[in-house]
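**Student:** One structure, pasted below without further comment.
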Amino acid sequence: METTETLIRWLDSGDVSIRYQFHRDLLDQNRPDLQAEIQAKGWGVRLLAAQREDGHWGRGFYMPKWTSTHYTLLDLRHLNLAQDHPAPRRAIDRILEEQLGSDGGVNPSRTIEQSDICINGMFLHYACYFQTPEDALHSIVDYLVSVQMADGGFNCNSNRFGAVHSSLHTTLSVLEGLLTYRQRGYTYRLNELKAIEEASREFILQHRLYRSDRTGKVINKRFLMLSFPPRWFYDILRALDYFQAAGVAYDERMADALEVLLKKHRSDGTWPVQAKHAGQVHFDMEVTGKPSRWNTLRALRVLRHFGEGD
């Protein structure tokens, strides 16, 4: 793969979900015909076919990873399945009926006293995308507002195990949910949520996306490994892709992460899959170590947004 034309052909020969986002995000072409095909072929139809008659996937809302209802809905949201498709809507209705805890958040089990913050951020990410009625999300929003930490971010261990510093994993999961909430036109407590978004973005930027804010050292080497689907795991490409999707302008504190991303660019024009998160899957979208259409697509739209290349 040595030319731009070859790279374009390679991206445009992938799964229809990749093709749809490639045309939309890199060629500025609206292709509703491609989005409509996601439910009929490739990864999209394979995920939809695995849905049970009761509306769930796997063994229910959160088990097993990664074939549960929760993570399958997150996959379908990543694929950009049509927002009005009835299958996700049916599953989300079941979650809201069965999984709401006493604190207002969705929870793998009603016997668990405090809801998981990461899960609620991810839930908001796909529930808003698939057009869940706003009043059904009020308790989720209230819950997330109530668990923001003093440093601006979120940590799924703060309300259960007393964590006092926010987590990049949790903060990014919540930010993705809040972005989809705002982009889809929801308005409940919107001004408060915008302030939370700003504070949470600042928390990530204070860490230069992957460094300790005290020592400057790499927090976790896995943050520098490119994966897809990300599940709940943080990495620099997922963070940068969030910043471009949110329309955030370049900040000097992104420079280190962008430099790492550029160094992972292979001579054939692609970016690889570098990590896979262990767990049961419906199927593997891509092979670890091989060129990744997902990571190449996301890296290119990040670099395009931040002016790092054509």
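The values are calculated or read from the model by the stated rules, or taken from the named source; none is laboratory data. Fair warning: this is a prediction, and the values are worked out from it, not measured in the lab. Don't worry about glycine lacking a Cβ; one is built from the backbone with ideal geometry, like all the others, and counts go over all protein chains shown. Accessible surface areas use protein heavy atoms only, side chains included; no ligands, DNA or RNA. Shrake-Rupley method; radii C 1.70, N 1.55, O 1.52, S 1.80 Å.
**Student:** Taking the mean number of other Cβ atoms within 10 Å as a proxy for protection, how do you rank 128-135, 26-33, 291-298 from highest to lowest? Before the final figure, lay out each step's value.
**Tutor:** Numbers: 128-135: 17.6, 26-33: 11.5, 291-298: 22.6.
Ranking, from highest mean packing down: 291-298, 128-135, 26-33.
**Student:** Could I ask something else about it? Just to confirm my numbers, what's the Cα centroid distance between region 239-310 and region 108-128 in Å?
**Tutor:** After rounding, the separation between the Cα centres reads 27 Å.
**Student:** Order the peptides 263-269, 9-15 from the highest to the lowest mean number of other Cβ atoms within 10 Å of their residues. Write down the numbers at each step before the final one.
**Tutor:** Numbers: 263-269: 12.7, 9-15: 16.0.
By packing density, highest mean first, the sequence is 9-15, 263-269.
**Student:** Please report, in Å, the Rg and the Dmax of the chain, where both are computed over Cα atoms only.
**Tutor:** Considering the chain through its Cα atoms, Rg and Dmax are 18.8, 56 Å.
**Student:** With N set to the number of residues, divide the alpha-carbon radius of gyration of region 208-249 by 2.2 N^0.38 Å and report two decimals. Working shown, then result.
**Tutor:** Details: Rg = 11.1 Å, N = 42, 2.2 N^0.38 = 9.1 Å.
That ratio works out to 1.22.
**Student:** Moving on to the next point. Report, by chain and number, residues whose modeled amide H sits under 5 Å from the one on ALA163, excluding near sequence neighbours (fewer than 5 apart, same chain).
**Tutor:** Residues meeting the amide H criterion: SER158.
**Student:** Could you check the simple spin-label distance between SER146 and ASP84, using points 7 Å along Cα→Cβ, in nm with one decimal?
**Tutor:** 3.5 nm
**Student:** A further question on this structure: Applying a 10 Å radius around every beta-carbon, put 213-222, 102-111, 166-175 in order of their mean neighbour count, most first. Don't skip to the answer; put the middle values down first.
**Tutor:** On the way: 213-222: 11.5, 102-111: 16.3, 166-175: 25.9.
In decreasing order of mean packing, 213-222, 102-111, 166-175 become 166-175, 102-111, 213-222.
**Student:** Before rounding to the nearest 500, sum -39500 (n - 2.57) across all DSSP H runs of length at least 4 in the chain and divide by the residue total; then give [θ] at 222 nm in deg cm²/dmol. Provide the component values of the computation, followed by the final result.
**Tutor:** On the way: 13 runs with 143 residues, N = 310.
Counting only the DSSP helices, I get -14000 deg cm²/dmol.
**Student:** Counting each pair of different Cα atoms once, what's the Kirkwood radius of region 33-177 in Å, rounded to one decimal?
**Tutor:** On the way: mean 1/r = 0.0642 Å⁻¹.
One decimal place: 15.6 Å for the Kirkwood radius.
**Student:** In whole Hz, with x marking every Gly and Pro, tabulate ³J(HN,Hα) for region 17-27 from phi via Karplus 6.51 cos²θ - 1.76 cosθ + 1.60, θ = phi - 60°.
**Tutor:** 5, 5, 4, 4, 6, 4, 5, 5, 8, 10, 9
**Student:** Report the Rg/Rh value for region 1-62, based on alpha-carbon coordinates and the Kirkwood definition of Rh. Let's see the in-between values first.
**Tutor:** Numbers: Rg = 15.3 Å, Rh = 13.3 Å.
Result: Rg/Rh = 1.14.
**Student:** Taking the radius of gyration and the Kirkwood hydrodynamic radius from Cα positions alone, what is the Rg/Rh ratio for region 155-310, to two decimal places?
**Tutor:** Details: Rg = 16.0 Å, Rh = 16.6 Å.
A ratio of 0.96.
**Student:** If the only charges are +1 at each Lys and Arg Cβ and -1 at each Asp and Glu Cβ, what is the size of the charge dipole of the chain around the Cα centre, to the nearest 20 debye?
**Tutor:** Details: 38 positive and 39 negative charges, 162 e Å.
For this selection, approximately 780 debye.
**Student:** Label points 7 Å out from Cα along the Cβ direction at ALA36 and LYS194: separation in nm?
**Tutor:** Placing both labels 7 Å beyond Cα along the Cβ direction yields 3.6 nm.
**Student:** Once you have the Cα-Cα distance between SER13 and ARG222, take 0.36 nm times their residue separation minus that, and quote the gain in nm to one decimal.
**Tutor:** Numbers: separation 209, 0.36 × 209 = 75.24 nm, distance 2.96 nm.
Using 0.36 nm per residue and subtracting the Cα-Cα distance, I get 72.3 nm.
**Student:** Can you list the residues, at least 5 places off or on another chain, whose amide H is less than 5 Å from the amide H of SER292, using H built in the peptide plane?
**Tutor:** For SER292, whose amide H was placed from the backbone, the distant partners under 5 Å are TRP271, VAL273.
**Student:** Same structure, new question: Ordered by residue, what ³J(HN,Hα) values in Hz, to whole numbers, does region 154-169 give under the Karplus form 6.51 cos²θ - 1.76 cosθ + 1.60, where θ = phi - 60° and Gly and Pro are x?
**Tutor:** 9, 8, 5, 9, 6, 8, 10, 10, x, 4, 10, 10, 5, 10, 5, 3
**Student:** Tell me, what HN-Hα J-couplings in whole Hz come from the Karplus equation 6.51 cos²θ - 1.76 cosθ + 1.60 at θ = phi - 60° for each residue of region 224-230, using x for Gly and Pro?
**Tutor:** The phi angles translate into 9, 9, 8, 9, 6, x, x Hz.
**Student:** Leaving out ligands, DNA and RNA, what percent of the accessible area of the chain is carbon and sulfur, probe 1.4 Å?
**Tutor:** Numbers: 6390 of 13220 Å².
Ligands and nucleic acids excluded, carbon and sulfur give 48 percent.
**Student:** Would you count, across the chain, every pair of lysines whose alpha carbons are under 18 angstrom apart, provided the pair is eight or more residues apart or spans two chains? Could the numbers behind the result be given before it?
**Tutor:** Values: LYS65/LYS276; LYS221/LYS263; LYS221/LYS264; LYS221/LYS276; LYS263/LYS290; LYS264/LYS276; LYS264/LYS290; LYS276/LYS290.
Value for the chain: 8.
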